[in-house]
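One structure below.
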Amino acid sequence: MAIKFQYNKTSLQQLEKQLKVRVRTLPIIKNKESALRMEVKRCKTEAAGLEERLEKQIQAYEAMFALWNEFDASLIKVSDVHLGIKKIAGVRVPLLENVDFDICTYSLFNSPKWYSDGIHLLKGLAQTAIEREFMLAKLNLLEHARKKTTQKVNLFEKVQIPGYQDALRKIKRFMEDEENLSKSSQKILKSIQEKRKEAEA
């Protein structure tokens with residue numbers, strides 16, 4: 001990224017201002033990036049834990065597979081999922097607060113004894129699956145925000161700050177050279193005038 005500038009004091013002051021802003025902002029962005037990195041790591045661990053839990057629940061479900069043909073699946077369904085929003089390092093992520101289930105009434109005398117266990121098992125399975133989906137959505141949002149923040153850190157650290165410093169150095173050198181040339185020309189002019197005065201005298 002080429003920084004546009006002119007060889008004058010106004011441009012020098014503007015570039016110095018821009019550089020100060022970036023130097024001041026860089027530690028804040030770095031802190032945000034490290035916070036997001038830690039949160040992403042924590043989310044990955046939680047997602048893996050939920051995946052494992054879901055796998056165990058599915059295995060428990062499969063252990064009773066022969067009985068599930070008798071089970072009436074319409075007895076239980078998810079009626080509502082309550083959401084919240086949490087800010088993590090400035091990133092808004094969905095938060096699963098609660099899952100409501102509708103459990104239809106069934107005859108305890110006419111239904112098999114294991115129906116209540118079956119409902120409990122399906123409820124746990126659905127709850128874990130929904131939690132896992134939310135964790136993955138949260139992970140995707142945080143991962144995206146972390147990538148963007150890392151890009152910004154790299155842009156500031158490796159491109160913009162060195163670019164501004166280089167531009168400032170060029171302007172200062174140019175202005176110093178101009179000042180030196182001006183002084184030299186004044187000295188030459190002064191010595192010429194002195195020689196003229198000596199010649200006239």
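The values are calculated or read from the model by the stated rules, or taken from the named source; none is laboratory data. Keep in mind the model is a prediction, meaning the values are calculated, not measured. For neighbour counting, all protein chains shown are included, and Cβ atoms are generated from backbone atoms with ideal geometry for every residue, glycine included. These area figures cover heavy atoms from the full protein model, side chains too; ligands, DNA and RNA do not enter into them. Shrake-Rupley method; radii C 1.70, N 1.55, O 1.52, S 1.80 Å.
Spin-label model, Ser79/Ser111: points 7 Å from Cα along the beta carbon direction are separated by 1.5 nm.
Quick check on my link table: of Lys44/Lys147; Lys147/Lys170; Lys41/Lys87, which ones sit more than 22 Å apart, alpha carbon to alpha carbon?
Lys147/Lys170
Rounded to the nearest Hz, the phi-derived 3J(HN,Hα) couplings of region 161-174 under the Karplus curve 6.51 cos²θ - 1.76 cosθ + 1.60 (θ = phi - 60°) are 4, x, x, 5, 4, 5, 4, 4, 4, 4, 5, 4, 4, 4, where x marks glycine and proline. Label-to-label distance for Lys87 and Met38 is 1.8 nm, based on points extended 7 Å past Cα in the beta-carbon direction.
Sparse packing (at most 12 other Cβ atoms within 10 Å of the Cβ) combined with a DSSP loop state is found for the following trypsin sites (Lys or Arg not before Pro) in region 1-59: Lys4. The stretch between Ala137 and Glu194, if pulled fully straight at 0.36 nm per residue, gains 12.2 nm over its current Cα-Cα span. Of the GluC sites (Glu not before Pro) found in region 1-82, those in coil by DSSP whose Cβ has at most 14 other Cβ atoms within 10 Å are Glu70.
Separation of region 1-43 and region 100-179 by C-alpha centroid, Å? Using only Cα atoms, the two centres lie 24 Å from each other.
Here each label is just a point 7 Å from Cα along the line to Cβ, and for Thr45 and Ile28 those points are 3.0 nm apart. Roughly what angle does helix 115-154 make with the longest principal axis of the chain, taking Cα atoms, 0 to 90 degrees, to the nearest 10? Rounded to the nearest ten degrees, it is 10. When the listed pairs Lys20/Lys183; Lys4/Lys172; Lys9/Lys158 are checked against a 23 Å cut-off, the alpha-carbon distance exceeds it for Lys20/Lys183; Lys9/Lys158. Accessible surface calculations at 1.4 Å, restricted to protein heavy atoms, place the chain at 71 Å² per residue.
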